[in-house]
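The values are calculated or read from the model by the stated rules, or taken from the named source; none is laboratory data. Bear in mind the structure is a predicted one, so any value in this text is a computation, not a measurement. Please note: Cβ atoms are built from the backbone with ideal geometry, for glycine as well, and neighbour counts cover all protein chains shown. Remember, those area values only see protein heavy atoms, side chains included, never the ligands or the DNA or RNA. Shrake-Rupley method; radii C 1.70, N 1.55, O 1.52, S 1.80 Å.
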Amino acid sequence: MADLTGKVALITGAGQGIGQGVALAMAAAGASVVVTGRTFAKVEATAAMVRERGGTALALPCNVKAAGDLETVVARAVSELGGIDVLVNNAQEVPLGTLEQVTDEAFMAGFESGPLATLRLMKLVKPHMVARGGGTIFNFASSAGIRWDMSGYGAYAAVKQAIRSLTRAAAAEWGGQGIRVLTIAPHAESPGLKGWIEHNPEEAQAFFRTIPLGRVGSLEGDIGGALVALCMPELAYLTGATIPLDGGQANFD
């Protein structure tokens, strides 16, 4: 059984969806979790779920577009829990729509909450991971970046592909210091996916037919459980890759 006892994991966007599922899975494996999000009530609810199961959780409000918030959550994670071993860059504002529909403001919000926040947090946690002998960073992308038909997804894909580039660079630059960096491209039962299904029922049905395993992944079991496994020593030689947790739907080759 995977064991993260003694490890500290910082997860952004942990008030619901994938972030919450990852937090629960990592706590179940023994990690102390720092759960952050813009709505404190939501992350406190996640923390309460962890505590009810006997785990340790620190809930902190955080807008990933605010550099000061990122500095604060890292500082508190280190001061109150002793360090950071795992970073999960999950929070993201998504700029959806055709190129003509996406506003400058929405596009910039996507970059500020995605690649920029990812870069900032990676740099903030790096010295603390080095001090503990290394660590694992997970950044989130999407199969939208490799769609054959990019119509309506160009801005979203651009943001997510930028994150993949940052993953590769961090893996290359920091590997010698014991830090592994991976991109995760998931399909999961998140509020965002459910909303997309409701607004695009025909496209959703066609999309589901392209998933070889025939289902969307569960938040805690399929996505959270996979991230826990990826932290284990048995996978210590894996870094810089994009891992499609999507039932076999995408091909990132």
From 47, 25, residue being farther than 19 Å from residue 114 by Cα, in contact with a Gly (Cβ under 6 Å, 6 or more places away or on another chain) and crowded, with 22+ Cβ neighbours inside 10 Å: 25
Across (1) assigned to a loop (DSSP other than H, G, I, E, B); (2) open to solvent by less than 50 Å² (accessible area, probe 1.4 Å), residue 239 clears everything bar (2)
Please indicate, with yes or no, whether at least one residue in the range 129-136 is closer than 20 Å to residue 18 by Cα and either surrounded by fewer than 24 Cβ atoms within 10 Å (Cβ to Cβ) or modelled with pLDDT of 95 or more (or both). yes
Filter the range 67-111 for residues that are open to solvent by 40 Å² or more (accessible area, probe 1.4 Å) and charged (D, E, K, R); the one that is farthest from residue 30 (Cα to Cα) is 100
Of the residues in the range 211-224, those that are touching a residue at least 60 places away in the same chain (Cβ under 8 Å) and open to solvent by 30 Å² or more (accessible area, probe 1.4 Å) number 4
Cross-chain or 6+ apart pairs with Cβ under 8 Å, the range 228-253 first and of a type in the set (Asp, Glu), then surrounded by 20 or more Cβ atoms within 10 Å (Cβ to Cβ) and in a helix (DSSP H, G or I): 246/143
Residue identified as surrounded by fewer than 20 Cβ atoms within 10 Å (Cβ to Cβ) and over 18 Å from residue 146 (Cβ atoms) among 170, 229, 157: 229
Being closer than 24 Å to residue 153 by Cα and touching an Asp or Glu at 6+ places or on another chain (Cβ under 8 Å): is that true of residue 211 here? yes
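Each row is one residue, and each column tells you yes or no for (1) closer than 27 Å to residue 237 by Cα; (2) touching a residue at least 40 places away in the same chain (Cβ under 8 Å); (3) of a type in the set (S, T, N, Q); (4) part of a helix (DSSP H, G or I).
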{"residue": "95", "(1), (2), (3), (4)": "no, yes, no, no"}
{"residue": "102", "(1), (2), (3), (4)": "no, yes, no, no"}
{"residue": "111", "(1), (2), (3), (4)": "no, yes, no, yes"}
{"residue": "119", "(1), (2), (3), (4)": "yes, yes, no, yes"}
{"residue": "128", "(1), (2), (3), (4)": "yes, yes, no, yes"}
{"residue": "157", "(1), (2), (3), (4)": "no, no, no, yes"}
{"residue": "160", "(1), (2), (3), (4)": "yes, yes, no, yes"}
{"residue": "176", "(1), (2), (3), (4)": "yes, no, no, yes"}
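Listed here are the residues, each with its yes/no results for (1) of a type in the set (Asp, Glu); (2) more than 23 Å from residue 94 (Cα to Cα); (3) touching a helix residue (DSSP H, G or I) at 6+ places or on another chain (Cβ under 7 Å).
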residue	(1), (2), (3)
183	no, no, yes
197	no, no, yes
201	no, no, no
213	no, yes, no
247	no, no, no
Take residue 93 and decide whether it is within 17 Å of the chain's Cα centre (by Cα) and more than 16 Å from residue 7 (Cα to Cα). yes
